[in-house]
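Scroll down for the structure; my scribbles are underneath it.
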Amino acid sequence: MAQPLPEGDQCHAGTVGNGFFESGSLTLDLQRARFTYSDTGAALFSFAPLQPALYAALRTSDSAPLKVSSWGNEVGCETSRLTTALRVGGYRLNGGVLGYCKMGVDIGVPLAGIVGLAGFAGQTIIIDYPSRKWKVTR
């Protein structure tokens, strides 16, 4: 049974399951031995195209407006059902939620969109940073 820490005490060890992070973004800063968590809503989407033309091509007629907070600013977004299967590496995303937010994203290289966590619900994702590979297990 979990016990609260006495006031002023700190906890330096423990584990948190993936379910804790389902509605947010976990950033691991291994160089500085720290992490941050922010509730971005990114887990809602299976895929978020970055270009309006791609969103228009993939969305269905049932799209709905959505307002989200990003870095303290309110951003206008839309959601729709994703009915087209998408292949990401060797993994196939079949349906889910498509999201498009009206904000610029520029990382210096062409990028079609961002794959959200929703398409991998119930899966295990293994990220091998040194070899720059990732794997999804069922």
Would you call S70 closer than 28 Å to Q31 by Cα, polar (S, T, N, Q) and surrounded by 11 or more Cβ atoms within 10 Å (Cβ to Cβ)?
-> yes
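Only residues that are touching a Ser or Thr at 6+ places or on another chain (Cβ under 7 Å) and among the basic types (K, R): list them for the range 102-124, please.
none
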Is the range 65-81 home to any residue that is modelled with pLDDT of 75 or more, farther than 18 Å from S46 by Cβ and of a type in the set (A, V, I, L, M, F, W, C)?
-> yes
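The values are calculated or read from the model by the stated rules, or taken from the named source; none is laboratory data. Note that this is a predicted model, so its numbers are computed, not measured. We place every Cβ from the backbone using ideal geometry, glycine too, and count neighbours over all the protein chains shown.
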